[in-house]
Amino acid sequence: MSGRDGFYVGYLPTPRRHLLFLWIAAPLVAGALGALAGFFSASQRDPGAGVWDTGSPIAVEGTLLVEPYPILIDDHGATHLLVEIGKHGAQERAEGIGAGRARALGYPLEREGRRMLELVEGGEGLERAAGADHPVRIEPAGEQVTLRGEILDSKCYLGAMKPGDGKGHKACATLCVTGGIPPLLRVWTEGGAPRHLLLLDSRGASARQLVLDWIGEPVSVTGGAGRVGDLETLSIDAGAIERLGR
């Protein structure tokens, strides 16, 4: 028996009809696999433009607010949410410093104009700073509004995870908010600039317990509109959130 009989034998030359099949089939299979890869790649949702710079920490100085969440408003009025490494808020560390002039050192996260610092470990992560406090604009809850969007954990959405939203991220986001990461409502807009509202309860305190069952879902939220620094806020109470069928 030899390769001329059309039967494949490993130590004999490949039969001609097998070679003809491979010459035709191999490029077709490779092309089909490439087309499938391109299709599945194109069909994936946009992971977003969140940035998390873990290379070198940056220092930001300004006025520290402890409630409703740790927030540092720098001298230019920019609002920086403060969190710890992992799925933890910075409430304990901020309470240890107290409200007033402070300096934060951490790794910046930023997306769609919203900013956050993941504080470095140790005392230099957040410490009292010299100088006078700059006036901080805190607008209390005012006009009642109803907004449609999705409740997110701010850390993952701003760059710690990609895409950091949607039902696929629901379990992770719930753990983050439970651990103290501030919840944001990202409002759906038609062609306009994205809106992000920090969620508070009706007393102006943390709204974490009110939002846990609604994270990662299309929702309608009714509450009082306000502002802290350059960040919009929405004060809500129990029953303010409704699930939408999107």
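The values are calculated or read from the model by the stated rules, or taken from the named source; none is laboratory data. As the structure is a prediction and not an experimental result, all values here were calculated from the model. Using ideal geometry, Cβ is built from the backbone for each residue, glycine included, and neighbour counts are taken over all protein chains shown. Side chains included, ligands, DNA and RNA excluded: accessible areas come from the protein's heavy atoms. Shrake-Rupley method; radii C 1.70, N 1.55, O 1.52, S 1.80 Å.
What is the number of the single condition among (1) of a type in the set (A, V, I, L, M); (2) part of a helix (DSSP H, G or I); (3) within 18 Å of the chain's Cα centre (by Cα) that Leu185 does not meet?
So the condition that Leu185 fails would be (2).
Being more than 22 Å from Pro163 (Cβ to Cβ) and touching a Lys or Arg at 6+ places or on another chain (Cβ under 6 Å): is that true of Glu61 here?
Working: more than 22 Å from Pro163 (Cβ to Cβ): yes; touching a Lys or Arg at 6+ places or on another chain (Cβ under 6 Å): yes.
Considered against the rule, which asks whether it is more than 22 Å from Pro163 (Cβ to Cβ) and touching a Lys or Arg at 6+ places or on another chain (Cβ under 6 Å), Glu61 comes out as yes.
Suppose we filter region 64-86 for residues that are open to solvent by 40 Å² or more (accessible area, probe 1.4 Å) and either over 16 Å from Ser206 (Cα atoms) or touching a Pro at 6+ places or on another chain (Cβ under 6 Å) (or both); how many remain? I'd like the intermediate steps shown before the answer.
Residues of region 64-86 that are open to solvent by 40 Å² or more (accessible area, probe 1.4 Å), as a first pass: 67, 75-76, 85.
After this cut, where a residue has to be either over 16 Å from Ser206 (Cα atoms) or touching a Pro at 6+ places or on another chain (Cβ under 6 Å) (or both) as well, the list is 75-76, 85.
Counting residues in region 64-86 that are open to solvent by 40 Å² or more (accessible area, probe 1.4 Å) and either over 16 Å from Ser206 (Cα atoms) or touching a Pro at 6+ places or on another chain (Cβ under 6 Å) (or both) gives 3.
Starting from residues that are in a helix (DSSP H, G or I) and touching a residue at least 12 places away in the same chain (Cβ under 8 Å), keep the ones in region 191-210 and report whichever is surrounded by the fewest Cβ atoms within 10 Å (Cβ to Cβ). Walk me through it before giving the result.
Applying the first criterion (in a helix (DSSP H, G or I)) to region 191-210 yields 208-210.
In the following step, the residues that additionally are touching a residue at least 12 places away in the same chain (Cβ under 8 Å) were identified as 208, 210.
Values: Arg208: 20, Leu210: 22.
Taking the candidates together, the pick is Arg208.
Looking only at region 213-232, count how many residues are in a strand (DSSP E or B) and closer than 14 Å to Leu147 by Cα.
So the answer is 10.
Only one of Ala59, Ala30 is part of a helix (DSSP H, G or I), open to solvent by less than 80 Å² (accessible area, probe 1.4 Å) and modelled with pLDDT of 85 or more; which?
Working: Ala59 fails: part of a helix (DSSP H, G or I).
From the options Ala59, Ala30, the qualifying one is Ala30.
Might you check whether a residue that is open to solvent by 60 Å² or more (accessible area, probe 1.4 Å), closer than 28 Å to Val177 by Cα, among the β-branched types (Val, Ile, Thr) and at pLDDT below 95 occurs anywhere in region 36-51?
For region 36-51, residues open to solvent by 60 Å² or more (accessible area, probe 1.4 Å), closer than 28 Å to Val177 by Cα, among the β-branched types (Val, Ile, Thr) and at pLDDT below 95: present.
How do the pairs read when you match residues in region 130-144 that are of a type in the set (Lys, Arg) with residues anywhere that are in a strand (DSSP E or B) and surrounded by 13 or more Cβ atoms within 10 Å (Cβ to Cβ), using Cβ under 9 Å and keeping only pairs 6 or more apart or on different chains?
That search, which allows pairs on different chains as well, returns Arg137/Ile73; Arg137/Arg227; Arg137/Val228.
Out of Val136, Val145, report the one residue that is surrounded by 15 or more Cβ atoms within 10 Å (Cβ to Cβ), among the β-branched types (Val, Ile, Thr) and either under 14 Å from the mean Cα position of the chain (by Cα) or farther than 22 Å from Ile85 by Cα (or both).
Checking each option against the conditions leaves just Val136.
For region 142-156, how many residues are outside any strand (DSSP E or B) and either of a type in the set (Phe, Trp, Tyr) or under 29 Å from Cys172 (Cβ atoms) (or both)? Please lay out each step first, then the result.
Restricting attention to region 142-156, the residues satisfying the condition of being outside any strand (DSSP E or B) are 142-143, 154-156.
Remaining after also requiring either of a type in the set (Phe, Trp, Tyr) or under 29 Å from Cys172 (Cβ atoms) (or both): 154-156.
Summing the residues that are outside any strand (DSSP E or B) and either of a type in the set (Phe, Trp, Tyr) or under 29 Å from Cys172 (Cβ atoms) (or both) in region 142-156 gives 3.
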